[in-house]
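Notes follow once the structure below has been shown.
The values are calculated or read from the model by the stated rules, or taken from the named source; none is laboratory data. Quantities reported herein were computed from a predicted structural model and do not represent experimental measurements. Methodologically, a virtual Cβ is constructed for each residue, glycine included, from the backbone with ideal geometry; neighbour enumeration extends over all protein chains shown. Surface accessibility is based on the protein's heavy atoms, side chains included, excluding ligands, DNA and RNA. Shrake-Rupley method; radii C 1.70, N 1.55, O 1.52, S 1.80 Å.
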Amino acid sequence: MLRAAGLDPQVVVSGVDEDAYTAASTADLVGVLASAKAGAAAASLDDGVVIGCDSMLDLGGRAYGKPAGPAEAIACWREMSGRSGTLFTGHCVINAATGDSATAVAATTVRFGTPTDEEIAAYVATGEPLNMAGAFTIEGLGGWFVDSIDGDHNNVIGISLPLLRRLLTGLGVTIPVLWSQ
């Protein structure tokens, strides 16, 4: 998504153990995880802008990250079917040269359709939902089973460009400067 938006990011896997973190709410947890991931990536850099993100679906007060396997993905879909949840994405931006950082969380309401058990099983069998927060996508095969969203659709895909722009601007980084790099 960042490449389509004119950036040429270098992807760095942070190595953060997500299970080692807890928070009072799903929104707080994704903010903490985004900060931890960005901080881990920034620790080895002298300059540049680091963006860390983490997403989870909150459904009835329960956080759903990436499912542990197919059985968990199927159970997640059975819970989501016909319901609405909130997809939270934590965003943390760090200016590696100064150490300045900014963190915020974007929220988008997702209304799920009611796929049949056969559709759920077939979707999970594709493997697509196994690497996604809440075991779904809207830009891929999972889009068939999402009735609507309220909010930034890019947030559901994994990063809110409007929120990211506000965070970068707060650190004195303008988007056109990033385009030229």
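Given contacts defined as C-alpha pairs under 8 Å and at least six residues apart, what's the relative contact order of the chain, whole-number percent? Write down the numbers at each step before the final one.
On the way: 346 pairs, mean separation 40.2, N = 181.
Taking the mean separation of contacting Cα pairs over the length of the chain, I get 22 percent.
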**Reported label for calculated percent of Cα pairs over 27 Å apart given (i) 29; (ii) 23; (iii) 55** = (i)
**Request:** Using a 10 angstrom cutoff on alpha carbons, build the Gaussian network for the chain and name the most mobile of SER84, SER160, SER55.
**Result:** SER84
**Request:** Pick out, from TYR64, GLY82, ALA43, the residue whose Cα sits farthest towards the positive end of the charge dipole of the range 34-107, with +1 on the Cβ of Lys and Arg and -1 on the Cβ of Asp and Glu.
**Result:** GLY82
**Request:** Could you check the simple spin-label distance between SER44 and LEU171, using points 7 Å along Cα→Cβ, in nm with one decimal?
**Result:** 1.8 nm
**Prompt:** How large is ³J(HN,Hα), in whole Hz, for each residue of the range 85-92 in order, when computed from phi with the Karplus curve 6.51 cos²θ - 1.76 cosθ + 1.60 and θ = phi - 60°, using x for Gly and Pro?
**Reply:** x, 10, 8, 9, 10, x, 10, 10
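Taking 8 Å as the Cα distance limit and 6 or more residues as the minimum spacing, I'd like the relative contact order of the range 4-73 as a percentage.
Values: 57 pairs, mean separation 18.2, N = 70.
Value for the range 4-73: 26 percent.
For the chain, give the percent of accessible area contributed by carbon and sulfur heavy atoms, probe 1.4 Å, rounded to a whole number. Write down the numbers at each step before the final one.
Working: 4750 of 9220 Å².
C and S atoms contribute 52 percent here.
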